[in-house]
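Computed from the coordinates by the stated procedures, all read-outs in this text should not be read as laboratory data. Bear in mind the structure is a predicted one, so any value in this text is a computation, not a measurement. Cβ atoms come from the backbone with ideal geometry, glycine included; neighbour counts cover every protein chain shown.
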Amino acid sequence: DQQVKQNSPSLSVQEGRISILNCDYTNSMFDYFLWYKKYPAEGPTFLISISSIKDKNEDGRFTVFLNKSAKHLSLHIVPSQPGDSAVYFCAASARAGGTSYGKLTFGQGTILTVHP
Amino acid sequence: GAGVSQSPSNKVTEKGKDVELRCDPISGHTALYWYRQSLGQGLEFLIYFQGNSAPDKSGLPSDRFSAERTGGSVSTLTIQRTQQEDSAVYLCASSFGPGTYGYTFGSGTRLTVV
């Protein structure tokens, strides 16, 4: 039962253009969402997050959008740079939950390649 | 330490052998998590420790898997009688506690069972 899905295994973008990575979820109890970036042979690093009380959060070149009715979130990177090439994971949590508090459910990841 | 440290970075073991994976979290972080990433899969939650509370073991795939955290710091994940399907990258992460989700991951242990 994949509660968080990233349906695009890979995305290729030209440097300077926008990268849009998508994520869908099924669990309506999820109320906090995050994006992580992972380079080969390294652990994932936290990128940006959004609470379900918001529909947009921006941090420099990175913006996360949340559409609760569609159970969909997306990460926009503008402008894309070759150093952004990595695997991007979306993750979700039900913060109000009991023993699940603190646990993240991750998607499968999307490999982003930004060409110079 | 400055980051989450995991050892070994790579481990090749024969099917049926036991393995121990170690995680040193960031000093002061009360929450510690184990995840694993199998080939082509997302990160799969295994177990969560928070302070002195009973751990959330709901993600452990079988009773061959166990983990402990001594003194609220170092954690060891033990896999008994390893199987080929246990081959994965095992990732440890720590954070200041519940509600701080931008937690810090280690570089992982790549386990290969042959």
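Treating r as the C-beta distance of B:E14 and B:V74 and R0 as 25 Å, the FRET efficiency rounds to 0.45.
Legend: mean number of C-beta atoms from other chains within 10 angstrom of residue C-beta atoms, peptide A:102-111, equals 6.
Considering every alpha-carbon pair of the protein assembly as shown, the percent of pairs per 5 Å bin, from zero through the bin containing the longest distance, is 1, 7, 14, 18, 19, 17, 12, 7, 3, 1, 0.
Segment A:I18..A:V78, full-extension length gain: 21.1 nm, with 0.36 nm per residue of separation and the alpha-carbon distance subtracted. Across peptide A:35-45, the average count of Cβ atoms from other chains found within 10 Å of a residue's Cβ is 4. Residue-wise HN-Hα couplings along the stretch B:40-51, as the Karplus relation 6.51 cos²θ - 1.76 cosθ + 1.60 with θ = phi - 60° gives them from phi, are x, 10, x, 7, 9, 5, 10, 7, 9, 10, 9, x Hz; Gly and Pro carry x.
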